[in-house]
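For reference, the structure is listed below as structure tokens.
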């Protein structure tokens, strides 16, 4: 085999290595576990938004309950204060004592109303808290799924990256035996033809576009100098003939 023929065979080998690299990179980018991870992350985000909404309601209930509990404590303190005044011996007027007793009764009624409101708030919060517990349990399951997917992705990435190192090294060795200007032309064509820049001409058919070249073009290629870089007149790819 002539040096020129060997050069073009190397070009085909370069294409095979680049195709293998593309396949490995595509496999790495499209691991099924990436879809699993994306779905888990989407569900986690939705759960987080739902949990935040529930937590917001619970926080509001908690603030309302705290305000009412503070009010109950304040009212109870007022009742104690009035009681101390009534029975402290400083008030002797029956009318004034009656007014104080009526105020105590009014304050107790007020406390009863507030305590009912507190119970209502607690009853409102109870199912919200149950929902939050349920969401957290679902989140734990999804977290587990996401971590499992991440572990599988990492494991497969290590394997694929190891394969890439080997294939890329072989690719570079092949490229070193081809003139730099030809490799540069080849690399440019790869960008235009979805990664396939060179093809073999077999039985008058381009292995890239799979079209049969005109008889006149085939005859021209037969008589072309062995070192001439030729292109498929149908698709523009480099042809090895």
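The values are calculated or read from the model by the stated rules, or taken from the named source; none is laboratory data. Fair warning: this is a prediction, and the values are worked out from it, not measured in the lab. Glycine also receives a Cβ, built like all others from the backbone with ideal geometry; neighbour counts cover every protein chain displayed.
Quick notes on this one:
- Residue within the stretch 104-115 that is under 20 Å from residue 68 (Cα atoms), assigned to a helix (DSSP H, G or I), assigned by TED's automatic domain parsing to the domain that holds residue 37 and in contact (Cβ under 8 Å) with a residue 60 or more places away in the chain present: no
Results for (1) touching a strand residue (DSSP E or B) at 6+ places or on another chain (Cβ under 9 Å); (2) under 30 Å from residue 166 (Cα atoms); (3) part of a helix (DSSP H, G or I); (4) without any contact (Cβ under 8 Å) to a residue 24 or more places away in the chain, shown as yes or no for each residue.
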site	(1), (2), (3), (4)
16	no, yes, yes, yes
24	no, yes, yes, no
51	no, no, yes, no
83	no, no, yes, yes
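- Residue 131 under 30 Å from residue 49 (Cα atoms), surrounded by 13 or more Cβ atoms within 10 Å (Cβ to Cβ) and assigned by TED's automatic domain parsing to the domain that holds residue 60: yes
- Number of positions in the stretch 144-178 that are over 16 Å from residue 27 (Cα atoms) and touching a helix residue (DSSP H, G or I) at 6+ places or on another chain (Cβ under 7 Å): 8
- Qualifying residue in the stretch 28-46 (condition: under 30 Å from residue 237 (Cβ atoms), touching a helix residue (DSSP H, G or I) at 6+ places or on another chain (Cβ under 6 Å) and not in a loop (DSSP other than H, G, I, E, B)): yes
- Candidates 146, 137 - the one that is in a helix (DSSP H, G or I), in the same structural domain as residue 44 (by TED's automatic domain parsing) and exposed (fewer than 12 other Cβ atoms within 10 Å of the Cβ): 137
- Here is the figure for the stretch 4-14: residues that are touching a strand residue (DSSP E or B) at 6+ places or on another chain (Cβ under 8 Å) and closer than 19 Å to residue 169 by Cβ total 3.
- Meets criteria (surrounded by 13 or more Cβ atoms within 10 Å (Cβ to Cβ), assigned to a helix (DSSP H, G or I) and in contact with a helix residue (DSSP H, G or I) (Cβ under 6 Å, 6 or more places away or on another chain)) for residue 65: yes
- Criterion: closer than 30 Å to residue 41 by Cβ and touching a helix residue (DSSP H, G or I) at 6+ places or on another chain (Cβ under 6 Å) - qualifying residue of 121, 132: 132
- Residues in the stretch 189-198 that are free of Cβ contacts under 8 Å to residues at least 60 places away in the same chain and under 19 Å from residue 9 (Cα atoms): 189 alone.
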